[in-house]
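Engineer: Pasting a structure below so you can have a look.
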Amino acid sequence: MMKHLKYIVAVLMLSVFFSGFADTVEARKFLWNKTYFYNFYSVCPLPSGDVWAVGSNGMICRLNPENYEWDVQESDLHGNLYSVSFVNAQKGWVCGQNGQIAHTRDGGKTWQVQTSGTKQHLFSLTFKNAEKGWAVGDFGTILHTSDGGRNWHVQNEKTDKIYNNIYFNDTEHGWIVGEFGTILYTEDGGLNWMEQKNPLGEKTLFSVCFNDRTNGWIAGMDGSILKTVDSGKTWTAIKSSITENLMCIQVVRNNGWVIGLKGAYGMLGKGMWNDETHRVPTRAWLNDCVFVDEKTGWLVGSVGTLLHTLDGGKTWFPGNQSGTK
């Protein structure tokens, strides 16, 4: 249930967003661009400088690194898109409501709908190369492709659990987190999934990431944070002053960030949790974050929120600003 709550708040947030995100002149200008009335659920920055974001009503956006303008991409997709994954500047995938999956081979100029074989909502997908990818969602849905999405195959057993996020270190080792404290692990590319023990019980988990084969982090409901140093054989709960739902956790070379649904965020330094709570300058609900290195990161959320940092999260500015003067 918690996974779905963040997707119904757009109308409620419109009135408070103006006061929360109007802290700077740049923010006020940013309110009126063409993405304002969309919720963004996933962001994918690339080494090329391109940044992709997807959201409500089939919205697919690309940030042009040459002029820092957001271009809305044309597609035949409808309903919410919850996840985006690119393996290079040309090849990428999106997924969303009712089992929708689409693929581009030309940097977003065109999008081809792929047959997923399911009508369940898909909340997360990941590709490790141009051929191998996975997607997860409602009712325990786990999908896998080994041919770039031309064919998708079901990899799961029947369950009514919601799987919120999937992460792969390589083409063999991956993790899934979701409803009722679920943590699943595979070491054979998803042919078999094994449940790992969660010391927090049945609290819903929203995000998982690893900075190498053995060291990983999970974030979830009510400020839940878990850490492993042995590939998930054991998970340890980390105490945090953040009490809101944590929608995203990212770790880059032992530095990391955890983002709360209502704008709180905390940071990791040298692999250690620093229990100091910061706040993103917005009252929009936040859904996803991605850091490409220790300094550069992106945040997306409700009512068109697209934020960017160049100093490791100390300051955030609108995503259509370069951050330089």
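The values are calculated or read from the model by the stated rules, or taken from the named source; none is laboratory data. Keep in mind it's a predicted model, so treat the numbers as computed, not measured. Note that we place each Cβ from the backbone using ideal geometry, even for glycine, and neighbour counts take in every protein chain shown.
Engineer: How do the pairs read when you match residues in the stretch 128-157 that are within 14 Å of residue 192 (Cα to Cα) with residues anywhere that are modelled with pLDDT of 95 or more and aliphatic (A, V, I, L, M), using Cβ under 6 Å and keeping only pairs 6 or more apart or on different chains?
Structural biologist: 134/166; 142/136; 143/135; 155/142; 156/142
Engineer: So, one more: Could you grab me the full set of residues in the stretch 206-227 that are of a type outside the set (Ser, Thr, Tyr) and in a loop (DSSP other than H, G, I, E, B)?
Structural biologist: Taking the stretch 206-227 and keeping what is of a type outside the set (Ser, Thr, Tyr), we get 206, 208-213, 215-223, 225-227.
Within the stretch 206-227, 211, 212, 213, 215 qualify.
Engineer: Now for a separate question. Which pairs turn up if I take residues in the stretch 92-104 that are under 11 Å from residue 41 (Cβ atoms) and look for partners that are polar (S, T, N, Q) and assigned to a strand (DSSP E or B) with beta carbon separation below 6 Å, at least 6 apart in sequence or on another chain?
Structural biologist: 95/83
Engineer: Something else now. Identify all residues within the stretch 241-251 that are in a loop (DSSP other than H, G, I, E, B) and crowded, with 19+ Cβ neighbours inside 10 Å; write none if there are none.
Structural biologist: Initially, the stretch 241-251 is screened for residues in a loop (DSSP other than H, G, I, E, B), giving 241-245.
Result: 242, 245.
Engineer: Can you find a residue in the stretch 118-136 that is in contact with a Lys or Arg (Cβ under 7 Å, 6 or more places away or on another chain), at pLDDT below 95 and of a type outside the set (D, E, K, R)? First the steps, then the outcome.
Structural biologist: Step one: of the stretch 118-136, the residues in contact with a Lys or Arg (Cβ under 7 Å, 6 or more places away or on another chain) are 123, 130.
Checking the rest, the ones that are also at pLDDT below 95 come to none.
Scanning the stretch 118-136, I find no residue that is in contact with a Lys or Arg (Cβ under 7 Å, 6 or more places away or on another chain), at pLDDT below 95 and of a type outside the set (D, E, K, R), so the answer is no.
Engineer: Just wondering, is there one or more residues in the stretch 56-66 that are without any contact (Cβ under 8 Å) to a residue 40 or more places away in the chain, surrounded by 21 or more Cβ atoms within 10 Å (Cβ to Cβ) and assigned to a loop (DSSP other than H, G, I, E, B)?
Structural biologist: Yes, some residue in the stretch 56-66 is without any contact (Cβ under 8 Å) to a residue 40 or more places away in the chain, surrounded by 21 or more Cβ atoms within 10 Å (Cβ to Cβ) and assigned to a loop (DSSP other than H, G, I, E, B).
Engineer: With the requirement that a residue be over 15 Å from residue 210 (Cα atoms) and either surrounded by fewer than 19 Cβ atoms within 10 Å (Cβ to Cβ) or modelled with pLDDT of 80 or more (or both), what does the stretch 252-264 give you? Quick ask: steps written out before the conclusion?
Structural biologist: Just the residues of the stretch 252-264 that are over 15 Å from residue 210 (Cα atoms), to begin with: 259-264.
Answer for the stretch 252-264, where residues must be over 15 Å from residue 210 (Cα atoms) and either surrounded by fewer than 19 Cβ atoms within 10 Å (Cβ to Cβ) or modelled with pLDDT of 80 or more (or both): 259, 260, 261, 262, 263.
Engineer: What single numbered condition from (1) among the polar types (S, T, N, Q); (2) at pLDDT 95 or above; (3) closer than 26 Å to residue 249 by Cα fails to hold for residue 39?
Structural biologist: (2)
Engineer: Run down 75, 116 and say which single residue is hydroxyl-bearing (Ser, Thr, Tyr), farther than 25 Å from residue 170 by Cα and touching a helix residue (DSSP H, G or I) at 6+ places or on another chain (Cβ under 7 Å).
Structural biologist: Working: 116 fails: farther than 25 Å from residue 170 by Cα.
The match here is 75.
Engineer: Go through (1) surrounded by 21 or more Cβ atoms within 10 Å (Cβ to Cβ); (2) touching a residue at least 60 places away in the same chain (Cβ under 8 Å); (3) of a type in the set (A, V, I, L, M, F, W, C); (4) closer than 21 Å to residue 165 by Cα one by one and return the number of the condition residue 292 breaks.
Structural biologist: (1)
Engineer: Go through the stretch 193-237 and give me each residue that's acidic (Asp, Glu) and in contact with a strand residue (DSSP E or B) (Cβ under 8 Å, 6 or more places away or on another chain). I'd like the intermediate steps shown before the answer.
Structural biologist: We begin by selecting, within the stretch 193-237, every residue acidic (Asp, Glu); these are 195, 202, 212, 222, 230.
The one that is acidic (Asp, Glu) and in contact with a strand residue (DSSP E or B) (Cβ under 8 Å, 6 or more places away or on another chain): 195.
Engineer: I would also like to ask the following. Restricting attention to the stretch 168-216, and to residues there that are aromatic (Phe, Trp, Tyr), in contact (Cβ under 8 Å) with a residue 40 or more places away in the chain and more than 15 Å from residue 234 (Cα to Cα), which single residue is surrounded by the most Cβ atoms within 10 Å (Cβ to Cβ)?
Structural biologist: Step one: filter the stretch 168-216 for residues aromatic (Phe, Trp, Tyr), giving 168, 175, 180, 185, 193, 206, 210.
Right, trim to in contact (Cβ under 8 Å) with a residue 40 or more places away in the chain and you get 168, 175, 185, 193, 206, 210.
This time we only want the ones that are more than 15 Å from residue 234 (Cα to Cα), so: 168, 193, 206.
On the way: 168: 20, 193: 18, 206: 28.
Looking at the filtered set, the residue picked out is 206.
Engineer: Could you count how many residues in the stretch 92-114 are in contact with a Phe, Trp or Tyr (Cβ under 8 Å, 6 or more places away or on another chain), at pLDDT 95 or above and not in a helix (DSSP H, G or I)?
Structural biologist: Of the residues in that region, 10 qualify.
Engineer: Just to verify a result, which residue in the stretch 132-167, among those that are of a type in the set (Val, Ile, Thr) and touching a His at 6+ places or on another chain (Cβ under 9 Å), is surrounded by the fewest Cβ atoms within 10 Å (Cβ to Cβ)? Explain how you work it out, then say what you get.
Structural biologist: Looking only at the stretch 132-167, we keep the residues that are of a type in the set (Val, Ile, Thr), and these are 136, 141-142, 145, 154, 159, 162, 166.
Remaining after also requiring touching a His at 6+ places or on another chain (Cβ under 9 Å): 141, 145, 154, 162.
On the way: 141: 24, 145: 22, 154: 14, 162: 23.
So the residue we want is 154.
Engineer: Determine which member of the set 83, 19 is at pLDDT 95 or above and closer than 23 Å to residue 316 by Cα. Even if it seems obvious, please write down each step before you answer.
Structural biologist: Working: 19 fails: at pLDDT 95 or above.
Going through 83, 19 in turn, just one is at pLDDT 95 or above and closer than 23 Å to residue 316 by Cα: 83.
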